[in-house]
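**Student:** Dropping the structure in here first, questions after.
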Amino acid sequence: MSVDVILAAVAWLAVLPALVDRLLRRLGLVRPNFRGDVIPVGYGLAVLLWAEPALLWLAWRLPDRRRGMEAYAAVVLGLGALGFADDLWGSEQSRGFRGHLRALLTRGQVTTGLVKALGGIVLGVGVSKVLLAATWPDAVLDGATIALCANALNLLDLRPGRAGAAFLLLSVPLLALQLRGGAVPPLAAVWIPALLVYERDARARAMLGDTGSNLLGGALGLAVLLTFPALVARLAVLAACVALHVVAERASLSRIIEGVPLLRRLDGMTGVR
């Protein structure tokens, strides 16, 4: 990697936070957080705007790893765009998959949340089938896993730093395994800007929004699938995601965390409370 490319990447990373903050405010994407402070939402857009060109550049420079880089780029762009649409036009009236489904069945309303959920599955299946050349059964399994991982981070994104910290910590062993293989880890292209965004998110200065949590969760899900391709591992990840969603549909994850002293202490370390 040339010095010019590194300097350009660092410069872009340095100016992105202020640019994204200004853009979100101009679009009216501000919202009260859990403490009532009005702050920008959708700040995960900064991750998208840095990770996407980095992944496309790596795909161009590393033709032998192009398919994998393109898969990450597609997941980051697709899930980030679906999340940004939900941040921009979504309503707080319908929550959870049951809420979006109820809005469709009772009022005939297609919510942005439902579009995001179904779009995430279609995107995941398409990436697995087209870019990774998976069989149809594997593509369906992988698509569901990527979509559920994306929404799992979204479920955690109810307090400052919670979703970002989960992504950063869970990514570390995956990055280590990718580096041990002697390859440029594509997940690093997402991890680096996520670390920068985490700082403002954890201090309750901005919200990741669906833009950030969606693409971070999707990138994490794809990384797990590519790092642990065995069927039993992929099924285990899918089962864990399904279990988390079932719990979240029945109870508040924040209330569960606050009710367990150890979880409450650990959660308090991820951001202001």
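The values are calculated or read from the model by the stated rules, or taken from the named source; none is laboratory data. What you are looking at is a predicted structure, and each value in this text was computed from that prediction instead of being measured. All Cβ positions, glycine included, derive from the backbone under ideal geometry; neighbour counts span all protein chains shown.
**Student:** Give the residues of the range 235-263 that are in contact with a helix residue (DSSP H, G or I) (Cβ under 6 Å, 6 or more places away or on another chain), loosely packed, with under 14 Cβ neighbours inside 10 Å and either touching a residue at least 60 places away in the same chain (Cβ under 8 Å) or not hydrophobic (A, V, I, L, M, F, W, C) (or both), sorted by residue number.
**Tutor:** If the condition is that a residue be in contact with a helix residue (DSSP H, G or I) (Cβ under 6 Å, 6 or more places away or on another chain), loosely packed, with under 14 Cβ neighbours inside 10 Å and either touching a residue at least 60 places away in the same chain (Cβ under 8 Å) or not hydrophobic (A, V, I, L, M, F, W, C) (or both), then Glu249 is the only one that fits.
**Student:** Wholly within the range 133-215, which helices (runs of 4 or more DSSP H) include no fewer than the required count, namely at least 1 residues that are touching a strand residue (DSSP E or B) at 6+ places or on another chain (Cβ under 8 Å)?
**Tutor:** Those helices (runs of 4 or more DSSP H) span 188-202.
**Student:** Which residues, counting only those in the range 197-223, are farther than 23 Å from Trp89 by Cα and either free of Cβ contacts under 8 Å to residues at least 24 places away in the same chain or buried (at least 22 other Cβ atoms within 10 Å of the Cβ) (or both)?
**Tutor:** Tyr198, Glu199, Arg200, Ala219, Leu220, Gly221, Leu222, Ala223
**Student:** Please state which one of Ala202, Ala188 is over 21 Å from Ala81 (Cα atoms) and among the small types (Gly, Ala, Ser).
**Tutor:** Ala202
Quick grid of which residues meet (1) buried (at least 19 other Cβ atoms within 10 Å of the Cβ); (2) farther than 29 Å from Ser2 by Cβ; (3) modelled with pLDDT of 90 or more:
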site	(1), (2), (3)
Pro53	no, no, yes
Leu58	yes, no, yes
Leu62	no, no, yes
Ala73	yes, no, yes
Arg98	no, yes, no
Leu104	no, yes, no
Gly108	no, yes, no
Thr111	yes, yes, no
